[in-house]
Every structure is written in C-alpha cells, then in structure tokens.
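For reference, the structure is listed below as structure tokens.
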Amino acid sequence: MKHKEHLSRKSFLIKAAVVAGGIFAPSFLNKFFNNPLKKYRNPVLLNAAQPADGRLVVITGPDIKKQTIEKMAMKALDQFGGMKSLIRKGMNVVIKPNIAWNSPPENAANTNPDLVEIVARFCKEAGGRVTIFDRTCSSARLSYKRSGIEDAAKRAGVNIEFIDERKFINVKVPNALNSEILSIYKPILDADFVINMPIAKHHSSSRLTISMKNLLGVIGGNRGSLHWNLHENIVDFTKAIKCDLIICDCLRILTNHGPNSGTPEDVKETRTLIIGRNPVTVDAYASTFFVKSPSEIKYLALAYREKMGEINPGKMNILKLTV
Amino acid sequence: MKSRHWAKIRAITQLVIWCAFIVVIVASRDTTDNTFFSYLPRISPFLGLSISLATRAVADSFLPALVFLVLAVILGRFFCGWICPLGATIDGNDRAIADRVKISSKKKISIKSWKYIVLITAMILSIFGIQLAGSIDPISLSIRSYGTVIFAYLDSLLKLVFNALYYVPLLNIISEFIYSFLKDYLLDYNKTQYYNHLPVFLFFAFILLLSLFARRFWCKALCPLGAIYSLTGKIAFLKRYVDTGKCTNCLACEKNCRMDAIFNKGTGTIEGECIKCFDCLKACKFDAIKFRFSFPYIGKDKNILTSDSTDPYPDIQFTRKKLFSSVAASVIAVSMFKRKPAFAKDHSRLIRPPGALSEQDFINACVRCGQCMKVCPTNGLHPVLFEYGPDAVFTPQLIPRLGFCEKNCNQCSAVCPSGALQLVPLAKKETTVIGTAYIIRDLCIPWSEYTDCLVCEEMCPTNKKSIIFKEESLLNKEGRKVRVKLPYVREDICIGCGACENKCPVQGDAAIQVRTPKKTTIL
C-alpha cells in the first residue's frame with residue numbers, strides 16, 4: 001500500500017477553515033436574514049381608523065340553496081351600490097372567511113362555501129384580484145379541503161393560499177386596550193379592499209365569534225396566549241385591521257358547542273345575511289340571534305365604550321329585505 | 001436483443017423503479033387519501049413471514065409478496081438488482097463513494113452466510129414477540145428512512161434556503177416562484193420534523209457506509225430479505241452458463257461482479273448470490289456468457305462445468321454449527337429484549353395512533369415502515385426509540401405537544417400495511433379512544449392564576465365537548481373576589497386526541513396532558 005500523502009500545516013488549516021465555514025455558514029446566514037430582533041425593532045404604527053358608518057343591510061331568504069344565496073347577496077350588495085362600484089379594476093381584494101376548522105359545511109364551523117364562492121365571483125367580475133386565506137386551528141390543508149372553501153375558490157377562479165408564516169409583521173395598535181403590539185398578516189394590511197366573511201357561532205370563552213373575533217385568523221404569534229384577556233384583545237384586532245365590507249354568514253348559525261364541535265343538532269337555520277361596514281354594528285346585530293342584548297357580550301360592550309360603533313339594535317340604521 | 005444490452009436495461013429499470021418509489025413517497029403528502037401507500041411494504045416476503053410468526057396467523061395482506069417469491073423461483077434473486085429501493089440506493093452510493101475509496105479486492109466469501117444468521121435470528125425473535133424484522137427489512141427500512149428522515153431533511157433544507165432568499169431583494173422574485181412550485185408539488189403541507197430522527201438516519205447511513213468494506217456489503221452479508229431470495233435463487237430456473245470453449249479465464253466478469261457471485265476463474269456461479277444484474281455479460285469480451293432457462297426436473301441440466309480448475313464450490317452453506325450459534329444468539333437476545341431495562345418508561349405517556357391493536361399485538365404486527373408518520377397531517381406521529389423497551393423500536397407514537405390527532409382523518413390506519421392499525425372509518429373516529437386528557441392544575445392559568453384562558457375547551461373537537469368549564473367565584477391571590485371559568489375534563493367522552501395539549505398556551509410542558517387512563521386495571 002502506498003504511503004499516505006503528508007498533510008502540510010497550511011493545507012490542514014485551509015481545509016479546517018472550509019469545513020468550519022461550511023458548518024457555520026447556514027446558521028449565520030439564517031441569523032442574518034431572519035434576525036428575530038429586526039422584526040421587533042420598529043413595529044409599524046397604524047393610523048387610527050375612523051369608525052365606519054353603521055348602516056346595515058339584513059336580508060332573509062326562503063332557503064339556503066345556492067341560487068337563493070346568490071340572489072340575496074346580489075340584492076343586499078345593490079344597497080351599497082353593487083360590487084362593481086365598491087371594487088375597481090385591478091384592486092387587490094382579500095376575502096377573509098372563517099376556515100379555521102377541519103369540519104364539513106353542515107356542522108357550521110366554517111363560513112358557507114357557496115357564499116364564499118358567490119362573493120369571490122362578484123369580486124372577480126368587478127375586476128379585483130382576489131386572494132382568500134385564513135390561519136387555521138386544525139391542519140390547514142384538511143381545513144381548506146373539508147370546509148369546501150378550497151373547491152369553492154377554485155370554482156370561482158380565484159386564488160386561495162395557505163398562510164405564509166414569514167409574512168407576519170409587527171404593528172403598534174393605537175389606543176390598545178391590552179395588546180399594544182400585534183403581529184398581523186401583511187397581505188391583509190396591504191390589500192386595497194378587505195372583505196371579512198365570518199360565520200356567526202357560539203363560542204365558549206368569548207361567548208360569540210362573529211366578524212371581530214374572525215380577525216384572530218390573521219393575527220400571528222402564539223394564538224393561545226391571545227386568549228388571556230380575550231375580550232380586550234378582540235377589540236384591539238378590530239382597531240388594528242380595517243375591513244371595508246363585512247358579509248356575515250347567518251345562513252346557518254351554531255348555537256351550542258362552538259366554535260368547532262357542534263353537530264347538525266346544534267345548528268339553526270336562520271337564512272340571513274348581514275352586510276355592513278362597521279364590524280361592531282354587524283356583530284351586535286348578529287348577536288341578537290343568540291342573546292337578549294348585545295351588551296351582554298363583553299367585547300361588544302368594550303367596543304361601544306371605545307366609541308367604535310353602535311350596539312343597541314334599536315338605534316341602528318337597518319334596512320331589512322327579503323328575497 | 002444483443003446480450004450486452006441487458007446490463008443497461010437492468011440499470012435503467014432499477015432507476016425507474018427507484019424513481020417510482022420516490023414518487024409514491026412524495027405523493028403521500030396528500031392528506032386525504034393515501035390507501036395506495038399501504039401496498040408498498042407488502043411486497044416483502046420477509047415481513048409477511050415474520051408477521052405471520054409473531055401474530056400466529058397467516059398475514060394475508062402480504063399476498064403480493066408471494067408474486068415476487070414465485071418470480072424469484074423463475075428468475076432467481078433478480079429482486080435485489082432490479083427492484084429493491086435499498087439495493088438501488090446502495091448501488092448509487094457505491095458508484096458515488098465506495099468505488100472512489102479503493103477497497104481491498106480480496107473476496108470475502110465467508111461473510112455471505114451471515115445473512116442466514118440474521119434471517120433465523122429475526123424469525124426466532126418474531127416467534128417470541130420481538131419484531132426485529134421491521135427494523136431491518138430493506139423495504140421497510142427504505143420507506144422509513146426516505147419517508148421520515150431523508151425527505152424531512154430535504155424539506156427543512158429547502159425551507160431554510162428559500163426563507164433566507166426571501167429577504168434578499170430581486171432574487172426573491174425568482175426564488176419565491178420556485179418555492180411556490182415546490183410547495184405545490186413536493187414539500188409537505190405542514191412542517192415535517194421527527195422526534196428521534198437522528199437514530200433512524202444513522203442506521204440508514206451505517207448501512208450505506210458498510211459499502212466501504214465491499215460493494216453491496218449489506219446485500220451480500222446482512223440483508224434478511226436477500227437471504228430468502230438467495231435460498232430461492234439456488235433452485236431458480238434462470239441460470240448463468242459459461243462456454244468454456246470461448247472463455248479465456250481473463251477474470252473480467254469475476255472482478256466486475258458486484259455480488260462476488262462468480263468463482264472458479266469466471267466459470268462457476270453461486271446461484272443464490274447472482275442478482276441477475278448482467279454486468280458480466282457486458283464485461284465479457286469473448287461472448288462466453290449466456291443466461292438461459294433450465295428446468296432441472298425436465299430433461300438434463302446442461303450446466304456441466306468442463307473446466308479443469310480445482311476450485312471447490314465456495315463454502316457459504318449454512319452449517320449446523322452456524323445454525324446452533326444463531327439459535328443461541330436469538331435466545332440470548334430474547335432474554336435481553338424481553339427484560340425491560342430499568343430506565344424504560346412506563347406506558348402512561350405512550351399514545352398509539354387510533355385503531356392500534358392492544359400493546360403487545362401492536363408490537364407484533366407493526367412493520368416499522370413509518371408510513372403512518374409520513375402521512376400524519378399534523379406531524380404528530382413520531383418514531384419511538386428505546387424509551388419503551390427494546391422491542392418497541394421505530395413504532396409510532398403520538399406526541400400531542402408536537403401534533404395532535406386530527407378530527408376527520410384516518411390516514412395512519414388507512415396506510416398501515418399489516419393491520420397493526422385497524423382502519424378506523426371516519427364515522428367511528430369520534431369515538432375511538434387513544435388516551436385521556438388530564439389537567440395539571442399547578443400549570444393551568446385559570447386554576448393557578450384565576451384568569452380566563454379556555455383554549456383547551458375551545459380546541460376540543462369531540463361532539464358536545466369533553467372539556468367543560470364551570471364559572472366560579474374565587475378569591476384571587478390579592479384577596480379580591482373574581483369570577484373564573486375553570487376547565488374540567490369529562491373522562492367519559494374524552495378520546496385523547498391531544499388538540500388541547502397541542503394548543504395549550506403554557507410554555508414547555510402543557511397544562512393539560514394526554515395519558516393512558518390513570519387508573520390501573522386489575523389485569
């Protein structure tokens with residue numbers, strides 16, 4: 001056997017440096033590019049949004065077939081001048097339905113897929129570039145599939161995407177009650193037009209989850225710890241994220257065992273859509289399906305105290321329609 | 001067809017089948033229907049045999065293995081050279097690494113009998129309920145290593161690279177385009193990383209590094225499936241013939257043989273070792289080698305060596321002495337494995353996937369292929385190592401803190417090849433109990449700090465909620481009266497899916513943990 005070549009000190013040092021560099025380079029690069037401190041250094045300060053007008057359109061239909069929902073949505077949106085006047089060509093439209101749970105549509109844990117499809121199609125016809133997303137609680141892939149919303153989006157021909165953890169940015173919430181800094185999904189802040197499409201559901205800790213609580217689906221960070229002082233946090237989400245239109249799915253509402261483990265027994269068919277611009281007013285009106293007075297819900301009472309919207313149904317500007 | 005083309009055809013076939021194997025593994029990222037995946041380990045007769053021995057019942061789900069066994073009687077040990085994904089990996093590795101490291105060309109014939117010891121030891125251990133087979137079967141081993149480890153490493157490497165590129169202006173336009181393509185067709189939907197991944201990888205790497213001693217060292221010396229095929233190879237119909245009139249004893253074939261199956265200056269063949277790779281056909285410049293079918297019981301066998309060489313037939317027979325030593329080895333192993341070491345944890349935190357048989361039956365029937373871990377949509381199933389005794393190695397466990405058992409999902413039981421996980425219909429998933437959640441009140445926010453939290457209750461997916469809360473007035477630490485919603489678990493309907501443990505916002509160990517039921521039974 002040939003004698004091994006002598007390894008000189010110089011070549012040993014070079015080789016060692018290359019190996020060490022190779023080992024440490026990825027972690028160094030990762031630190032350099034993903035510096036977690038960088039995110040916290042300058043949280044973006046949001047403009048304090050003026051409360052939107054509290055006008056509501058409440059429309060009730062005879063059933064919840066797809067054609068009926070389409071007629072209901074069309075007629076209600078006409079009261080706002082139609083989708084074509086709200087969305088201009090080339091606008092970046094974000095639809096934020098509730099797709100949080102791996103649960104079929106009949107259990108009313110997620111927004112009605114037919115409604116999502118219809119609204120997405122209206123937006124697309126008006127010339128908007130539509131994106132749909134939600135930060136799910138169950139497995140994202142299964143929730144998107146099982147809720148029927150992935151297929152609905154494909155039928156409407158719009159873009160549906162999973163949440164990308166890199167796109168959360170830290171923002172400073174003006175006049176926050178509890179969370180001064182929130183991590184929010186950037187695409188919803190950048191969007192030209194945001195449509196919040198919740199489903200009205202019973203919820204154990206916040207009592208109800210409608211449009212304000214639905215915004216939890218675009219908040220990043222530790223979802224669980226946002227449940228400490230949840231009511232104050234819900235008000236903060238509403239302050240941080242401006243929604244241009246709220247289409248609340250009250251076609252079927254979940255009256256018990258919410259938000260995720262209701263069965264068809266817990267589902268009540270109310271065949272109603274509530275459309276408005278002010279999340280507090282929409283939630284307050286929708287809550288009348290569940291409770292006697294909206295002020296029983298702590299986050300609505302807090303929002304009213306913060307002058308974010310009217311919660312007394314008697315004082316609201318409501319247009320009731322039927323199909 | 002020219003005879004020297006056969007080597008190329010074999011190499012291409014091997015590559016195509018290996019690629020198909022990878023495609024199947026990548027395709028199992030689909031989290032809604034993966035039943036096709038369950039057929040992959042069923043082609044191994046070794047697994048079928050040891051499962052049958054361990055469960056004392058004919059493992060009829062392993063019928064596809066019989067097809068390969070019949071083919072092996074006709075074609076010899078072709079499986080190793082044409083189909084086996086581990087064989088393909090070892091061949092590729094030999095080409096890349098081992099051939100460059102000059103290894104001694106001295107043939108080691110004696111190592112060839114080791115694999116029979118492995119086979120017999122594994123069989124005896126199976127009878128005693130220690131399933132070593134799944135850990136060392138080449139099919140199971142390749143699925144486990146590629147599916148859980150290699151793929152997860154590739155996944156995290158790509159994510160690291162693209163996440164770094166994401167923050168580089170201009171370049172990220174291209175990189176994000178590629179990344180979205182990869183996310184659509186290759187990467188898993190959730191992050192994949194496996195607890196205990198390193199030992200799985202090291203075992204795989206060890207097998208590849210064995211090639212430093214000799215080409216295809218694993219196949220020659222250790223592979224138990226290879227041992228079965230080498231037994232059938234001895235009576236196979238397809239045989240190698242050498243025309244001694246043309247052969248010049250140049251040893252080109254003998255040097256090229258990756259299995260060291262040629263002896264007697266190129267004219268003799270150890271039939272059980274020849275994997276029909278046809279490299280010798282390619283190497284022979286004198287066209288002296290032919291592969292022909294001969295039917296030993298019909299007519300006369302034409303394979304008569306006319307060479308005057310005096311080389312004896314290489315001694316790889318499995319002698320009585322070796323049989324005894326392997327039996328002795330297995331007996332020692334049984335006594336070692338069955339005695340649980342003192343550090344082995346009790347099973348209170350060992351949550352098996354839904355549909356699992358009772359613990360001992362599960363260990364007997366599980367083939368350790370890791371397919372359940374690969375398809376789990378929440379990345380909640382992870383391989384066990386030696387924590388629960390040596391006989392549970394590489395079996396799946398649910399670690400709820402890392403990923404919970406998803407409500408409308410039965411993929412782990414749908415892909416199980418051996419019935420260790422019985423298929424759970426989606427309608428019955430709601431009532432399939434795998435454990436029970438217990439609240440650790442000192443960690444729990446409402447119980448210890450008297451403020452509302454209720455994330456576990458919100459997440460609980462069972463119908464009618466198996467976590468309930470009672471609103472109570474309590475004196476907090478400052479002595480003020482507060483109203484708190486205190487969570488309780490309804491043990492009668494909790495199924496132990498672990499959604500609560502997974503989402504519990506307490507740092508580190510969750511304040512609600514899934515265990516097997518806390519009360520011990522009489523038996």
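Every read-out reported here was derived from the displayed coordinates using simple, explicitly stated rules and does not represent laboratory data. Model, not experiment: these values are computed from the prediction. Cβ placement follows ideal geometry from the backbone for every residue including glycine, while neighbour counts extend to all protein chains displayed.
Some observations on this one:
- Packing rank of A:220-226, A:244-250, where each peptide gets the mean count of other beta carbons within 10 Å, highest leading: A:244-250, A:220-226
- Pairs spanning more than 30 Å between alpha-carbon atoms, out of A:LYS213/B:LYS464; B:LYS112/B:LYS290; B:LYS115/B:LYS191; B:LYS8/B:LYS246: B:LYS115/B:LYS191.
- With Cα atoms, 0 to 90° folded angle of helix B:197-209 axis to chain B main axis: 10
- Rounded FRET efficiency, nearest 0.05, which uses the C-beta distance separating B:LYS290 from B:VAL168 and R0 of 56 Å: 0.40
- Distance from the stretch B:15-34 to the stretch B:119-171 (C-alpha centre basis), Å: 14
- Going by neighbour counts of Cβ atoms within 10 Å, the residues B:TYR450, B:TYR146 line up, fewest first, as B:TYR450, B:TYR146.
- Anisotropy class of the stretch A:259-323 from Cα gyration tensor, a/c 1.5 cut: oblate
- Cβ-defined net charge surrounding B:GLY272, 9 Å radius [Lys, Arg +1; Asp, Glu -1]: +1
- Using alpha-carbon coordinates, inclination of helix B:114-127 to the longest axis of chain B, degrees: 40
- Rg/Rg_ref, the stretch B:420-523, where Rg_ref = 2.2 N^0.38 Å and atoms are Cα: 1.21
- Beyond 41 Å, the tail of the calculated P(r) for the protein assembly as shown holds 47 percent of the Cα pairs.
- Peptide B:499-510 - average C-beta neighbours from other chains (10 Å radius): 2
- Neighbourhood charge, 14 Å Cβ-Cβ cut-off, centred on B:VAL327 and excluding it, Lys, Arg +1 and Asp, Glu -1: +3
- A full extension of the chain between A:PHE24 and A:ASN175 corresponds to an added length of 50.0 nm, given 0.36 nm per residue minus the alpha carbon distance.
- Helix-only [θ]222 nm of the protein assembly as shown, DSSP H runs n ≥ 4, -39500 (n - 2.57) each, per residue, nearest 500: -10500 deg cm²/dmol
- Shielding by partners - mean other protein chain Cβ count within 10 Å, residues of A:140-147: 5
- Taken as Cα centroids, the stretch B:173-232 and the stretch A:175-234 sit 43 Å apart, rounded to the nearest whole angstrom.
- Theoretical FRET efficiency, 1/(1+(r/R0)^6), r = Cβ-Cβ of B:LYS159 and B:LEU475, R0 51 Å, to 0.05: 0.55
- Among the residues of B:446-457, the average count of other protein chain beta-carbon atoms within 10 Å of the residue beta-carbon is 4.
- FRET efficiency estimate (nearest 0.05) - Cβ-Cβ, A:ASN159 to A:LYS89, R0 22 angstrom: 0.85
- Estimated vicinal HN-Hα couplings, Hz - the stretch B:511-516 in sequence order (Karplus 6.51, -1.76, 1.60; Gly, Pro = x): 7, 10, 10, 8, 9, 6
- Helix B:171-185 axis versus longest C-alpha principal axis of chain B: approximately 80°, rounded to the nearest ten.
- Remark: chain B carries a charge dipole of roughly 1600 debye about the Cα centre, counting +1 on each Lys and Arg Cβ and -1 on each Asp and Glu Cβ.
- Karplus-derived 3J(HN,Hα), 6.51/-1.76/1.60, for each residue of the stretch A:262-267, Hz, glycine and proline x: x, 10, x, 5, 7, 8
- Most positive-pole-ward Cα, A:LEU216, A:MET83, A:LEU7, against dipole of the protein assembly as shown from beta carbon charges: A:LEU7
- Neighbour-count order for A:VAL158, B:VAL489, B:VAL242, A:VAL19, fewest beta carbons within 10 angstrom listed first: A:VAL19, B:VAL489, A:VAL158, B:VAL242
- Separation of the alpha carbons by more than 29 angstrom is noted, of B:LYS183/B:LYS503; A:LYS186/B:LYS159; A:LYS89/A:LYS307, for A:LYS89/A:LYS307.
- Seen from all directions on average, the stretch B:356-446 presents a Cα convex hull projection of 6.9 nm².
- Computed log₁₀ I(q)/I(0) - Debye formula, equal Cα scatterers, no solvent, chain B, q 0.13 Å⁻¹: -1.27
- Normalising the Debye intensity of chain A to I(0), with uniform scatterers on Cα atoms only, and taking log10 at q = 0.12, 0.13, 0.15 Å⁻¹ returns -0.78, -0.91, -1.22.
- Under 14 Å from the Cα of B:LYS428 - aspartates and glutamates, other chains or at least 8 residues apart: B:GLU406
- Residue order, fewest to most beta carbons within 10 Å, for A:ILE297, B:ILE173: B:ILE173, A:ILE297
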